[in-house]
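This report concerns only the one structure given below.
The values are calculated or read from the model by the stated rules, or taken from the named source; none is laboratory data. All values reported here derive from a predicted model rather than from experimental measurement. Cβ sites come from the backbone with ideal geometry, for glycine too, and all protein chains shown count toward neighbours. Keep in mind that these areas ignore ligands, DNA and RNA; they rest on the heavy atoms of the full protein, side chains included. Shrake-Rupley method; radii C 1.70, N 1.55, O 1.52, S 1.80 Å.
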Amino acid sequence: MNYFWVIYPYVAVTIFFGGYIYTYLTRRYYWSARSFELLAKRTHTYASNFFHYGIVIVLLGHLVGIAIPASALLVIGLTYSLHEAVAFYLGALFGVIAIIGLVWLLILSYLTRASASLSITDHLVYIVLILVIATGLYNTLIVHPDYMTTVAPWFQGLITFHPNTSLIEKAPLSLQIHVALSFLLYALWPFSR
């Protein structure tokens with residue numbers, strides 16, 4: 001058993017929630033968006049909409065595709081092949097929209113005085129976020145891993161506190177990297193803007 005895939009996700013989620021509680025209790029006024037919109041042009045709104053609509057749909061797709069067991073999806077008529085097709089086409093479309101929006105936002109922020117308000121953690125979060133989306137797109141468009149028999153049941157095991165690490169270990173390395181980076185992003189998120 002590889003303890004990394006048991007301990008690391010719980011530590012990251014604990015840091016995620018604990019970090020938000022800590023920030024709220026100790027640096028309540030730090031806890032703001034420090035909005036770029038005040039420092040950037042109107043194009044920021046378009047870039048922000050691209051990123052946020054794309055990432056929200058991708059996250060909802062992950063929630064449905066990974067957190068909900070396949071047997072429950074079958075009850076509502078979502079077969080394995082239909083699930084796979086929806087995940088591929090919608091995941092690819094909205095993943096591309098999210099990465100375009102993120103790169104657009106980053107270009108706008110680094111070309112304006114808004115970049116002066118970024119912390120080191122903000123820069124790190126942006127790098128990890130780009131890597132998470134890029135590895136997700138790589139897995140979706142090129143690798144086509146069978147996550148319904150690897151990552152999904154492992155993640156469901158995390159939720160029920162019975163993770164089976166052999167499942168995630170069978171996943172392609174690129175998918176394991178995507179998962180590991182995602183949990184790193186959760187751990188960093190509360191300490192960035």
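List of remarks:
- Computed accessible area, HIS144, all protein chains, 1.4 angstrom probe, square angstrom: 110
- Percent breakdown of C-alpha pair distances by 10 Å bin, ordered from the shortest bin, for the chain: 9, 31, 34, 20, 6, 0
- Centre-to-centre, using Cα atoms only, the range 38-103 and the range 153-193 are separated by 18 Å.
- Rounded to whole Hz, the Karplus (6.51, -1.76, 1.60) HN-Hα couplings of the range 98-110, x for glycine and proline: 5, 5, 4, x, 5, 4, 4, 4, 5, 4, 4, 6, 7
- Charge tally around GLY91: other residues with Cβ under 15 Å, Lys/Arg +1 each, Asp/Glu -1 each, net -2.
- Difference of contour (0.36 nm per residue) and Cα-Cα distance, TYR20 to ASN164: 49.0 nm
- Under a 5 Å amide H cut-off, with hydrogens placed 1.01 Å from N, MET148 pairs with nothing among residues at least 5 apart or on other chains.
- In this label model, SER81 and VAL64 are separated by 1.9 nm, measuring between points 7 Å along each Cα→Cβ vector.
- Accessible area per residue was computed with a 1.4 Å probe on protein heavy atoms; PHE51 scores about 20 Å².
- With the charge dipole of the chain set up from +1 on Lys and Arg Cβ and -1 on Asp and Glu Cβ about the Cα centre, the Cα lying farthest toward the positive end among the listed residues TYR110, TYR89, LEU188 is that of TYR110.
- Dipole in debye (nearest 20) - the chain, about Cα centre, beta carbon charges: Lys, Arg +1; Asp, Glu -1: 720
- For LEU129, neighbours were defined as the other residues whose beta-carbon sits under 14 Å from its Cβ, and their charges (Lys and Arg +1, Asp and Glu -1) total 0.
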